[in-house]
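The values are calculated or read from the model by the stated rules, or taken from the named source; none is laboratory data. Quick caveat, the model's predicted, so the values are computed rather than measured. Positions of Cβ are generated from backbone atoms using ideal geometry, with glycine treated the same way; all protein chains shown enter the neighbour counts. Accessible surface areas use protein heavy atoms only, side chains included; no ligands, DNA or RNA. Shrake-Rupley method; radii C 1.70, N 1.55, O 1.52, S 1.80 Å.
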Amino acid sequence: MTISIFDMFRVGVGPSSSHTVGPMRAARKFANRLVENGLLDKVHRLQIDLLGSLAATGIGHSTDQAVLLGLMLESPSEVDIDSIPATIKSIKENKIINLAKQHEVKFDYDTDLVFKPTVEDPYHTNTLLFKAFDKQGNILLQEKIYSVGGGFIETEEEAKAENKKLSYTMDKEPVSVPYPYSTARELINLCKKHNKTIAELVRENELSRKSNEEIDKQLDYIASVMDECLQRGLRNSEVLPGPLKVKRRAKTLFEKLKNSRLSLDQDPLQIIDWINAFALAVSEENAAGGRVVTAPTNGAAGVIPAVLAYYRTFVKGSSQEGIRNFLLTAGAIGALYKTNASISGAEVGCQGEIGVACSMAAAGLAAALGATNNQIENAAEIAMEHHLGLTCDPVAGQVQIPCIERNAVSAVKAVNSVRLAVQGDGSHYISLDQVIKTMLATGKDMKTKYKETSLGGLAVCIVEC
């Protein structure tokens, strides 16, 4: 497996990694291709088709805005979030887009951005088709790009390649690592053979790409962005954007907990309330289009930061090294899901997003607490086992209901999974590899209406009822 664990933690803009971050990167890639091929100045008109799930919930997930920003070479990690509304408004009103920040092109939002929810590409439901035309109406460049979950993208050529490499990976070329593995079993056996923890072995592999100092710097940066997002969420109280007018709850809950007359000794279950507040804070920031860390996706971005905050706040002896081991281990588990199954809600339902986040968080916390490798694997397995079959059915196509609460519930479930695992010796009947395989099979069996299309489940029940 050549996926870097840092590919599982990327800074991006909300509300969705597959519907916002991926499309922005896809559009940016297409714009850069025009520049690289010397075609930019010849472009007279653009047309972008959004297919399948991208079209079905594109507006609610800000896919339309992401595509326009990507064509202007904005990136999810660096775009000025506060300037987005004015930028999109200008494009819509003036019907001009500054392609690649170099060439102004006529662009009619109503006709040049085409939503085709009933058209599905056989490879992946999150499909973008870009076309650039010259003055005579001839196609200068056409490219199909897939947003395959977690912000990862694949071109049509990469999708067809036998040994395809994800366009989002940090590695420009395949990297040879000292301890290659592709399954959890191989990972655990390597750790046993070389007497290493999962975090130690993963760090050794990452040293093929970065120095120890660079690894620590990146890990600390990821943790800091997560915490900054969490703190913003605890301060903000405005109603979330979109037709549902969902009220934020994190700040109110946080204030109640700070001012509670009961101590943790008197009400031990307050810890659950704190975890809820942490997860709600991040998820609400994501729903508002704020900057988050996709871990492994935006829709599930609240789980790992909440469990990390639990570790920092309530675990005696928590440390910076513990946080680093948490992220190294969680990243390794996430990469296993990415390699052997999916982290796309549009492909396998929310079990592939919130379920994977819970599994990653459970493994990370177990590692930070000093659990054995077998206990870590057990914690990750327990967490996913009890998310199997979870549908992705966002109401009104917004990453709000049930997504925000789902992050809180799963963060608590991650902690409980660890507590169950560390009470045993690490032996268990169902392996992590088996549960990953089951998750993928379950996702394939799941009807399309339950996979990020808002055509089934809560998305329609709340209207019908």
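The separation of the range 10-28 from the range 219-249, counted between C-alpha centres, amounts to 17 Å.
Loop-resident trypsin sites (Lys or Arg not before Pro) (DSSP state other than H, G, I, E or B) in the range 271-367 with no more than 12 further Cβ atoms inside 10 Å of their Cβ: LYS316. For the set THR118, THR111, THR197, solvent exposure ranked by accessible area (probe 1.4 Å, protein chains only) runs largest to smallest as THR118, THR111, THR197. The phi torsions of the range 100-111, fed into the Karplus equation with coefficients 6.51, -1.76 and 1.60 and a -60° offset, translate into couplings of 6, 6, 10, 9, 6, 10, 5, 8, 9, 3, 6, 10 Hz, rounded to whole numbers, with Gly and Pro shown as x. Each residue of the range 307-322 was assigned a 3J(HN,Hα) from its phi angle through the Karplus curve 6.51 cos²θ - 1.76 cosθ + 1.60 (θ = phi - 60°); the sequence is 5, 4, 5, 4, 4, 5, 8, 10, 8, 5, x, 4, 8, 5, 5, x Hz, with glycine and proline shown as x.
Using a 1.4 angstrom probe on the protein heavy atoms only, could you order SER263, SER17 from most to least accessible area?
Details: SER263 50, SER17 0 Å².
These residues rank, largest area first, as SER263, SER17.
Provide the convex hull volume over Cα atoms per residue for the range 83-151, in Å³. All intermediate terms of the calculation are to be shown ahead of the outcome.
Details: hull volume 9.6 nm³, N = 69.
Each residue corresponds to 140 Å³ of Cα convex hull volume.
Only protein heavy atoms count here; under a 1.4 Å probe, MET446 has an accessible surface of about 20 Å².
Solvent exposure of LYS160, expressed as accessible area, is near 150 Å², computed with a probe of 1.4 Å over the protein chains only. Sequence-distant contacts, meaning Cα pairs under 8 Å at least 6 residues apart, place the relative contact order of the chain at 18 percent.
Order GLU104, GLU120, GLU143 by their accessible area, 1.4 angstrom probe, all chains in place, largest first.
Working: GLU104 130, GLU120 90, GLU143 10 Å².
Ranked from most to least accessible, the order is GLU104, GLU120, GLU143.
The share of accessible area on the range 204-340 that comes from carbon and sulfur is 48 percent, using a 1.4 angstrom probe.
Annotation: amide H-H contacts under 5 Å for HIS386 (H modelled 1.01 Å from N, sequence separation of 5 or more, or interchain): none. Ranked by the mean number of other Cβ atoms within 10 Å per residue, highest first, peptides 20-27, 130-137, 55-62 order as 20-27, 55-62, 130-137.
Suppose R0 equals 51 Å; then what is the FRET efficiency for ALA161 and SER260 from their Cβ-Cβ distance, rounded to the nearest 0.05? Don't jump to the answer; show the numbers that get you there.
Numbers: r = 56 Å, r/R0 = 1.10.
Approximately 0.35, to the nearest 0.05.
Each residue was assigned an accessible area with a 1.4 Å probe, and for SER319 the value is about 50 Å². Among 246-259, 268-281, the peptide with the highest mean count of other Cβ atoms within 10 Å heads the list, and the full ranking is 268-281, 246-259. What a 1.4 Å probe finds exposed on the range 350-465 is 55% carbon and sulfur by accessible area, rounded to a whole percent. Between GLU238 and LYS42, the simple label model (points 7 Å from Cα in the Cβ direction) yields a spacing of 4.4 nm. Summing Cβ point charges (Lys, Arg +1; Asp, Glu -1) relative to the Cα centre of the range 357-420 gives a dipole of roughly 160 debye.
Which percent of the accessible area of the range 48-201 is formed by carbon and sulfur heavy atoms (probe 1.4 angstrom)?
On the way: 3540 of 7560 Å².
The computed percentage sits at 47.
Rolling a 1.4 Å probe over the heavy atoms of the protein chains gives the chain an accessible area of 42 Å² per residue.
Comparing ILE275, LEU369, GLN320 along the charge dipole axis of the chain, the residue lying farthest to the positive side is ILE275, per the Cβ-charge model.
Spin-label pair LEU458-ASN195: with each label point 7 Å from Cα along the Cα-Cβ axis, the two points sit 4.9 nm from one another.
For the chain, what Kirkwood radius comes out of the mean inverse Cα-Cα distance, in Å?
Details: mean 1/r = 0.0448 Å⁻¹.
Hydrodynamic radius (Kirkwood, Cα only) of the chain equals 22.3 Å.
The long axis of helix 212-235 is offset from the longest Cα principal axis of the chain by roughly 80 degrees.
The phi-based Karplus calculation (6.51 cos²θ - 1.76 cosθ + 1.60; θ = phi - 60°) puts the 3J(HN,Hα) values of the range 15-20 at x, 9, 6, 7, 9, 10 Hz, whole numbers, x for Gly and Pro. The calculated FRET efficiency for the pair SER176 and SER90, based on their C-beta separation and a Förster distance of 60 Å, comes to about 0.80.
Does the range 1-130 come out rounded, prolate or oblate, given a ≥ b ≥ c as the square roots of the eigenvalues of its C-alpha gyration tensor, rounded meaning a/c under 1.5 and, failing that, prolate meaning a/b above b/c? Rounded. Looking at the range 32-84, the GluC sites (Glu not before Pro) that sit in a DSSP loop and have at most 15 other Cβ atoms within 10 Å of their own Cβ are GLU78.
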